[in-house]
1. From the set of residues in region 35-53 that are touching a residue at least 40 places away in the same chain (Cβ under 8 Å) and among the aliphatic types (A, V, I, L, M), which is nearest to Tyr85 (Cα to Cα)?
2. Suppose we filter Val73, Val32, Val109, Val49 for residues that are assigned by TED's automatic domain parsing to the domain that holds Ala143, in contact with a helix residue (DSSP H, G or I) (Cβ under 9 Å, 6 or more places away or on another chain) and not charged (D, E, K, R); which single one remains?
3. With the condition kept exactly as written, say whether any residue in region 25-34 is surrounded by 15 or more Cβ atoms within 10 Å (Cβ to Cβ), without any contact (Cβ under 8 Å) to a residue 40 or more places away in the chain and not β-branched (Val, Ile, Thr).
4. From Ala17, Ala13, Ala60, grab the single residue that is within 17 Å of Leu82 (Cβ to Cβ), crowded, with 16+ Cβ neighbours inside 10 Å and either touching a residue at least 24 places away in the same chain (Cβ under 8 Å) or within 18 Å of the chain's Cα centre (by Cα) (or both).
5. One residue is enough: does region 75-84 have a residue meeting the conditions free of Cβ contacts under 8 Å to residues at least 60 places away in the same chain and closer than 30 Å to Asp137 by Cα?
6. Going residue by residue through region 115-135, is there one that turns out to be at pLDDT 80 or above, assigned to a strand (DSSP E or B), surrounded by 12 or more Cβ atoms within 10 Å (Cβ to Cβ) and charged (D, E, K, R)?
7. Out of (1) modelled with pLDDT under 95; (2) assigned to a helix (DSSP H, G or I); (3) not acidic (Asp, Glu), what's the single condition that is false for Leu75?
8. So, Leu42, is that one part of a helix (DSSP H, G or I), within 27 Å of the chain's Cα centre (by Cα) and either among the hydrophobic types (A, V, I, L, M, F, W, C) or surrounded by 13 or more Cβ atoms within 10 Å (Cβ to Cβ) (or both) or not?
Amino acid sequence: MRFVACWALLLLAALLAAASLVPLIPTEWWWVRLLDFPRLPLAAALVAVGVGLLMCLRMAPRSSGLALALVAVGLTVNGWILRPYLPTRGVAVDTCPAEQRLSVLIANVQFGNREAGPLLTAVQRTEPDLFLAMETDAWWEDALKPVAEAMPHTLKRITGSYTMASISSRACP
């Protein structure tokens, strides 16, 4: 039974290391890009498999050693990619001066909603550089005319009888 468990750990180590290395291939294939996301669970699984492999070293020293090397490579890759997202202390954050900041207001107005007042108030209060309204229809297009006047650069995507998105900005890109 222990022999089967060790071979299962060897196979699992190879699969987890491959899952950690495959996303390094520069391609847009969805199944390769999908493996970019579970980095933290992959790292945790590699640690667990590595601990299990330490118990198999006496039984199969060569294969276990090779599998431990794969675990180390997988952990190194995942650790390097996760490193910027780990909490660090004493990191100085440069703040952008107020005159160079970009403000964005995004609103999902919902198709059935017919209360434009609160949204217009929010747009006037915040004066965003970029405003995006989603799920708008002809009624909302008419209701948002004051925004279009204040933000003359507008892009609308119309599909069917409703506007999917309306983007307005104060400055042309």
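The values are calculated or read from the model by the stated rules, or taken from the named source; none is laboratory data. This structure is a prediction, so every number in the text was calculated from the model and none was measured. For neighbour counting, all protein chains shown are included, and Cβ atoms are generated from backbone atoms with ideal geometry for every residue, glycine included.
1. Step by step, filter region 35-53, then rank; the result is Leu40.
2. Working: Val73 fails: assigned by TED's automatic domain parsing to the domain that holds Ala143; Val32 fails: assigned by TED's automatic domain parsing to the domain that holds Ala143; Val49 fails: assigned by TED's automatic domain parsing to the domain that holds Ala143.
Result: Val109 is the single residue among Val73, Val32, Val109, Val49 that is assigned by TED's automatic domain parsing to the domain that holds Ala143, in contact with a helix residue (DSSP H, G or I) (Cβ under 9 Å, 6 or more places away or on another chain) and not charged (D, E, K, R).
3. Just the residues of region 25-34 that are surrounded by 15 or more Cβ atoms within 10 Å (Cβ to Cβ), to begin with: none.
Within region 25-34 (the criterion being surrounded by 15 or more Cβ atoms within 10 Å (Cβ to Cβ), without any contact (Cβ under 8 Å) to a residue 40 or more places away in the chain and not β-branched (Val, Ile, Thr)), the answer is no, since none of the residues qualifies.
4. On the way: Ala13 fails: within 17 Å of Leu82 (Cβ to Cβ); Ala60 fails: within 17 Å of Leu82 (Cβ to Cβ).
One residue alone meets the criteria, Ala17.
5. Looking only at region 75-84, we keep the residues that are free of Cβ contacts under 8 Å to residues at least 60 places away in the same chain, and these are 75-84.
Still in the list and also closer than 30 Å to Asp137 by Cα: none.
No, that holds for no residue.
6. For region 115-135, residues at pLDDT 80 or above, assigned to a strand (DSSP E or B), surrounded by 12 or more Cβ atoms within 10 Å (Cβ to Cβ) and charged (D, E, K, R): present.
7. Here Leu75 clears every test but (1).
8. Numbers: part of a helix (DSSP H, G or I): yes; within 27 Å of the chain's Cα centre (by Cα): yes; either among the hydrophobic types (A, V, I, L, M, F, W, C) or surrounded by 13 or more Cβ atoms within 10 Å (Cβ to Cβ) (or both): yes.
Criteria met by Leu42.
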